[in-house]
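Chemist: Take a look at this one; I'll ask things after.
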């Protein structure tokens, strides 16, 4: 699975850009996804996008077992961090 995050330049925001879309795709072909988004959101109009693997493999801090987790899980919510276990 792949996830695409699309940003647009916006000087009204602190970072200078805003999140326009975050879309999950079931396909594993990043080239095809990249091509579609390059046409739909051209950089000449102030867009940029990133293609991420939706799930990443992490290791549980307590048990040492590996597990699959979304790439955008906050650090303190992840069983792979000491912060998760100390709450």
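Chemist: Restricting to Cα pairs below 8 Å that are 6+ residues apart, what does the relative contact order work out to for the chain? Please round to a whole percent.
Modeler: Reported relative contact order: 25 percent.
Chemist: Project the alpha carbons of the stretch 1-53 onto their principal axes and report the range along each, largest first, in whole Å.
Modeler: Principal-axis extents of the Cα atoms in the stretch 1-53, largest first: 35, 19, 11 Å.
Chemist: By how many degrees, 0 to 90 and rounded to 10, does the Cα axis of helix 30-40 deviate from the longest principal axis of the chain?
Modeler: Once rounded, the angle reads 40 degrees.
Chemist: Give me the mean projected area, in nm² to one decimal, of the convex hull enclosing the Cα positions of the stretch 19-80.
Modeler: Mean orientational projected area (the stretch 19-80, Cα hull): 5.4 nm².
Since every read-out is calculated from the coordinates, none of them should be taken as a lab result. These figures come from a predicted structure and were not determined experimentally.
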